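Derivation of every value follows stated rules applied to the coordinates shown; laboratory data play no part. All of these numbers come straight from a predicted model, not from anything done at the bench. Ideal geometry is used to build each Cβ from the backbone, glycine not excepted, and the neighbour counts take in all protein chains shown.
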Amino acid sequence: MEELTVTRWRKYGKDRLYVSTPGGVRMGWHDLLTGEIHMEETADRDAVMAAIAHWQENAPPTAEPASGDPLSAIRPHEPTAADVETTSTDTELIAPQAPPAVDDEPAAAVEDWEDLALRRAGAEAREQAVALRQAAPVRTFLARVLGVHTDERAWRIGADGEEKVARQLAVLIERDSRWRAIHAIPVGDRGSDIDHLVIGPGGVYSLNAKHHPDAKVWVGGNTVMVNGQRQPYVRNSRHEAERASKLLTAATGRPVVVTGVIVIVGADDIVIKQAPDDVHVVNRMRLRKWLQARADALDEAAIEAVFQTARQSTTWRPQTPKATQPTS
């Protein structure tokens, strides 16, 4: 029987318990404020409920909340590995471990960053698609009926592709718990994001999912053609990996090499005439085995160090130092 981990998360006025496997695969969550319980499709409901009940029975008492703010007087509880003992199954989402405790700082300081390990695959693209659909529901409906390609469709198909890639990664993590993955990482302040960051014994990879149902894809060095149309995928993947490497290196204080990977989803035919020099192109259905075949580059301590840094939103949006005022 595999232990499940229960992690308490408070942010943006929410207070939830997230249940995950030791490898970081989310099983479900329970909202402590509303009582809502959400199960992932493949989760063992009895096991998740038992895990939540066990955590609640063993959680230390908390102070009564102050009036006006239901969370203002509650200090976060950091669950331990002994919090839960039950079973688990596989799903596509990566759930968090507890954020690192900071003994000498107030609770607010621990909550300064968003835990990106809580994000769903395709979250950024899905939000864009929903916003466009809500802005023009009738036009969106007609476009779908008539098969017209719109921005809403592009974002929606993109989100579907990211979710399909995440399912492959979930299988990888379930079979080898040394691997970690974080999805939909917002980078900078201009709307950029990394579809998937994968960290494991084979190294660190930024995955860019490209969903082209029934398309013909041709790759020749730095050139990628989709149904005869040139796409800037190699250049973009290279830039994304270089940027991720710089940010992770700065945040960890040690060199972190990130390799760009273009993951083709749903294509009818993929021809790789010549592979790019520094970016890989992989069919989604071969992704898991391709990652498993990478030569070992990181030990478990290095994997965990990069993962714990990568899950913090502040890693990807570094603050610009304030200019020092001259002294008189």
Quick check on segment 120-316: of the DSSP beta bridges with both residues there, what percent are antiparallel, nearest 5%? 50
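Between ARG190 and VAL257, 0.36 nm times their residue separation minus their Cα-Cα distance comes to what? Intermediate results must be reported in sequence, preceding the final value.
Numbers: separation 67, 0.36 × 67 = 24.12 nm, distance 2.36 nm.
The span from ARG190 to VAL257 would gain 21.8 nm if fully extended.
Taking R0 as 30 Å, what FRET efficiency do you get between TRP113 and THR34 from their Cβ-Cβ distance, rounded to the nearest 0.05? Intermediate results must be reported in sequence, preceding the final value.
On the way: r = 25 Å, r/R0 = 0.82.
According to the calculation, E is roughly 0.75.
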Here the gain from full extension of GLU3 to THR223, 0.36 nm per residue of separation minus their alpha-carbon distance, amounts to 74.5 nm
Could you list the residues of segment 166-189 with an amide nitrogen less than 18 Å from a label point located 7 Å from the Cα of GLU41 in the Cα-to-C-beta direction? 166-174
Under 5 Å between amide H atoms, partner at least 5 residues away or on a different chain: which partners does GLY260 have, H built in plane at 1.01 Å? SER206, HIS280
Add +1 for every Lys or Arg and -1 for every Asp or Glu among the other residues with Cβ under 14 Å from the Cβ of VAL258, and state the total. +2
Among the listed pairs LYS14/LYS164; LYS246/LYS273; LYS210/LYS289; LYS216/LYS246; LYS14/LYS210, those beyond 24 Å (Cα-Cα): LYS14/LYS164; LYS246/LYS273; LYS216/LYS246; LYS14/LYS210
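Starting with the highest mean, order 50-57, 199-206 by the number of other Cβ atoms within 10 Å, averaged over the residues of each peptide. Walk me through the intermediate numbers first.
Numbers: 50-57: 17.2, 199-206: 23.0.
Ranked by mean Cβ neighbours within 10 Å, highest first: 199-206, 50-57.
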Please list, in chain and number order, the residues 5+ apart from ALA275 or on another chain whose amide H is under 5 Å from its amide H, with Hs placed from the backbone. GLY221
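I'd like to compare 243-255, 260-272: which one has the highest average count of other Cβ atoms within 10 Å, and what's the full order after that? Please report the intermediate quantities before stating the final value.
Values: 243-255: 15.8, 260-272: 19.2.
Highest mean packing first, the order is 260-272, 243-255.
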